[in-house]
Protein chains: 2
Amino acid sequence: MNNGILFVLSAPSGGGKSTILKRVMADLPGLVFSVSHTTRPPRPGEEDGRDYHFVSLHDFLDIRSSGESGFLEWAEVHGNLYGTSRKEVERHLGSGLDVILDIDVQGARQVQENFSPVSIFIAPPSIEELESRLRKRGTENEKDLEVRLENAKKELSCSGRYDYLIVNDELQEAVDSLRSIIIAERCRGRRTPAGYPAEQEF
Amino acid sequence: MNNGILFVLSAPSGGGKSTILKRVMADLPGLVFSVSHTTRPPRPGEEDGRDYHFVSLHDFLDIRSSGESGFLEWAEVHGNLYGTSRKEVERHLGSGLDVILDIDVQGARQVQENFSPVSIFIAPPSIEELESRLRKRGTENEKDLEVRLENAKKELSCSGRYDYLIVNDELQEAVDSLRSIIIAERCRGRRTPAGYPAEQEF
């Protein structure tokens with residue numbers, strides 16, 4: 001059996017990542033979303049085990065210190081810790097499923113250094129558009145919003161490190177792009193069907 | 001303006017390539033098909049300038065000997081000569097259009113050696129299935145069919161040289177795969193939107 005493909009997806013908040021990812025997952029079999037651990041408290045509507053594994057700081061640090069059996073990557077974002085369980089990811093990949101990690105630029109860098117993921121960055125069409133989207137969402141106060149914007153600028157500056165860049169200008173087009181990238185990667189020369197003749201010269 | 005992307009598509013006859021390509025082209029703007037030159041006589045329904053530029057052997061050799069302004073690649077297949085006009089391809093790419101070349105394994109190798117195309121191989125699920133498809137088509141006599149099958153085996157043995165492999169098991173799925181590869185390649189890190197901040201360290 002072939003191993004699954006590891007996808008890493010990053011986007012500044014307000015980039016539309018969650019919506020895009022949800023639509024693609026609903027449409028594409030064989031792809032699983034790796035649920036991250038976080039020390040951040042759940043937001044309204046978020047569910048433990050579905051959106052995140054919500055854990056205490058103590059438990060998070062415990063997992064983090066357990067090395068190989070601990071986190072594939074971890075990062076601090078806006079004062080909270082986030083991490084991806086190595087065991088969960090390896091189990092899915094080993095059973096032939098593709099895994100998608102929704103992680104920030106720092107976490108992505110750790111995964112890129114230690115594994116060979118397919119990395120995808122979802123960007124807003126411009127900083128101005130991102131600001132306007134965050135203001136419309138209205139979940140942050142002015143100070144938090146400024147922190148997010150500063151962070152988004154830093155993240156955007158790293159988009160060149162990713163294999164693919166999706167500019168989220170029109171939602172349905174961005175959904176189609178992410179879906180296409182996953183299907184295309186599945187056609188990459190990894191899997192040669194059995195029973196093909198050995199290479200011959202012309 | 002960005003240059004377009006050069007795609008190279010190969011498949012043994014009976015692989016379903018023409019049908020797949022037609023459907024994808026009908027659906028995807030910004031992609032042009034480069035019409036090859038050939039010394040082979042037109043088949044019923046084929047149109048000069050649309051399916052091929054049908055030329056005499058003399059004219060073909062003339063173009064071939066004109067070097068840089070001649071063919072991007074050329075090959076002999078089943079006793080006929082086929083070639084791709086360099087000028088036509090460069091004109092399209094320069095105007096920002098993506099170009100797709102429908103060429104055989106030998107031609108593809110020439111393009112791969114001299115340019116950096118995105119290469120795609122469309123394969124039948126098995127040799128047996130290919131044979132059954134060629135027999136159903138019924139346009140060849142037994143001897144021609146055997147030549148085509150031998151050639152197909154050689155071509156299949158080269159599928160590992162291509163960036164992508166599409167196994168044409170179910171037509172609509174194969175169409176979706178080719179379309180996805182083109183969309184995905186358009187998201188590859190070639191084009192960074194203007195106005196992004198320069199890379200910063202975290």
Exercise for the section: Go through the stretch B:90-101 residue by residue and turn each phi into a ³J(HN,Hα) via Karplus (6.51, -1.76, 1.60, θ = phi - 60°); whole Hz please, and just put x for glycine and proline. Expected result: 5, 5, 5, 4, x, 8, x, 8, 7, 10, 10, 9
Exercise for the section: Place a label point 7 angstrom from the Cα of A:LYS136 along the Cα-to-Cβ direction, then list the residues of the stretch A:158-174 whose backbone nitrogen is under 17 Å away. Expected result: A:167-174
Completion exercise
Within the stretch A:1-38, the residues whose backbone N lies under 13 Å from a label point placed 7 Å from the Cα of A:GLU90 along the Cα-to-Cβ direction are none
Practice task
Kindly write out, for the stretch B:26-31 in residue order, the coupling ³J(HN,Hα) from the Karplus curve 6.51 cos²θ - 1.76 cosθ + 1.60 (θ = phi - 60°), rounded to whole Hz, with x marking Gly and Pro.
Solution key: 5, 9, 10, x, x, 10
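For B:58-70, what's the mean count of beta carbons from other chains sitting within 10 Å of each residue's beta carbon?
0
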Fill in the blank from the handout: Measuring from its Cα centre, the protein assembly as shown shows a charge dipole (+1 at each Lys and Arg Cβ, -1 at each Asp and Glu Cβ) which, in debye to the nearest 20, is 200
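What share of the DSSP beta bridges in the protein assembly as shown is antiparallel, in percent to the nearest 5? All intermediate terms of the calculation are to be shown ahead of the outcome.
Working: 18 of 56 bridges.
Within the protein assembly as shown, antiparallel bridges account for around 30 percent of the total.
Express the Stokes-Einstein translational diffusion coefficient of the stretch B:1-102 in µm² s⁻¹, to the nearest whole number, given a Kirkwood radius over alpha-carbon pairs, 10 °C and a viscosity of 1.306 mPa s. It would help to have the intermediate numbers written out before the result.
Values: Rh = 14.5 Å.
Answer, rounded: 110 µm²/s.
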Exercise for the section: Go ahead and set up a Gaussian network model of chain A, Cα springs under 10 Å, then flag whichever of A:ILE100, A:ILE183, A:ILE120 fluctuates most. Expected result: A:ILE183
Problem - Fully extended contour minus Cα-Cα distance, from A:LEU171 to A:GLU76, at 0.36 nm per residue - result: 31.3 nm
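Quick check: convex hull over the Cα atoms of the stretch B:29-180, volume per residue in Å³, rounded to an integer? Present the calculation step by step, with values, prior to reporting the outcome.
Details: hull volume 20.5 nm³, N = 152.
Taking the convex hull of the Cα positions in the stretch B:29-180, it is 135 Å³ per residue.
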Completion exercise
Note, the stretch A:7-15: 3J(HN,Hα) by Karplus (6.51, -1.76, 1.60, θ = phi - 60°), whole Hz, Gly/Pro = x, goes 9, 10, 10, 10, 6, x, 4, x, x
Completion exercise
Placing each pseudo-label 7 Å from Cα in the direction of the beta carbon, B:ASP48 and B:GLU150 end up separated by a distance in nanometres of 3.3
Fill in the blank from the handout: Expressed as a whole-number percentage, the relative contact order of chain B with C-alpha contacts under 8 angstrom and at least six residues apart is 31
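Given the rule -39500 (n - 2.57) for each run of at least 4 DSSP H residues, summed and divided by the residues of chain B, what is its mean residue ellipticity at 222 nm, to the nearest 500 deg cm²/dmol?
Values: 7 runs with 80 residues, N = 202.
Roughly -12000 deg cm²/dmol at 222 nm, from the helical runs in chain B.
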Exercise for the section: Could you pull out every residue, at least 5 positions away or on a different chain, whose amide H is within less than 5 Å of the one on B:GLU73? Hs are placed 1.01 Å off N in the peptide plane, and Pro or chain starts have none. Expected result: B:THR84
Practice task
Just tell me how shielded A:176-183 is by partners: mean number of partner chain Cβ atoms within 10 Å of each residue's Cβ, no decimals.
Solution key: 6
Problem - the stretch B:11-80: relative contact order as a whole-number percent, Cα under 8 Å and 6+ apart - result: 22
Exercise for the section: Springs between alpha-carbon atoms under 10 Å, Gaussian network over chain A: tell me which of A:GLY96, A:GLY67, A:GLY14 tops the mean-square fluctuations. Expected result: A:GLY67
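Find the eigenvalues of the gyration tensor of the Cα atoms of the protein assembly as shown, then list the square roots of 5 times those eigenvalues as equivalent ellipsoid semi-axes, largest first, in whole angstrom.
Numbers: eigenvalues 440, 118, 56 Å².
Output for the protein assembly as shown: semi-axes of 47, 24, 17 Å.
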Practice task
With springs connecting C-alpha atoms under 10 Å apart, model chain A as a Gaussian network and identify which of A:SER56, A:SER13, A:SER85 has the largest mean-square fluctuation.
Solution key: A:SER56
Problem - Within straight-line cross-link reach of B:LYS136, lysines at Cα separation under 23 Å, skipping those fewer than 8 residues along the same chain - result: B:LYS17, B:LYS22, B:LYS153, B:LYS154
Completion exercise
Between B:PHE7 and residues 5 or more places away or on another chain, the pairs with built amide H atoms under 5 Å apart involve B:VAL99, B:ILE100, B:LEU101, B:VAL118
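Just so you know, all these numbers are worked out from the coordinates, no wet-lab data involved. What you are looking at is a predicted structure, and each value in this text was computed from that prediction instead of being measured. Ideal geometry is used to build each Cβ from the backbone, glycine not excepted, and the neighbour counts take in all protein chains shown.
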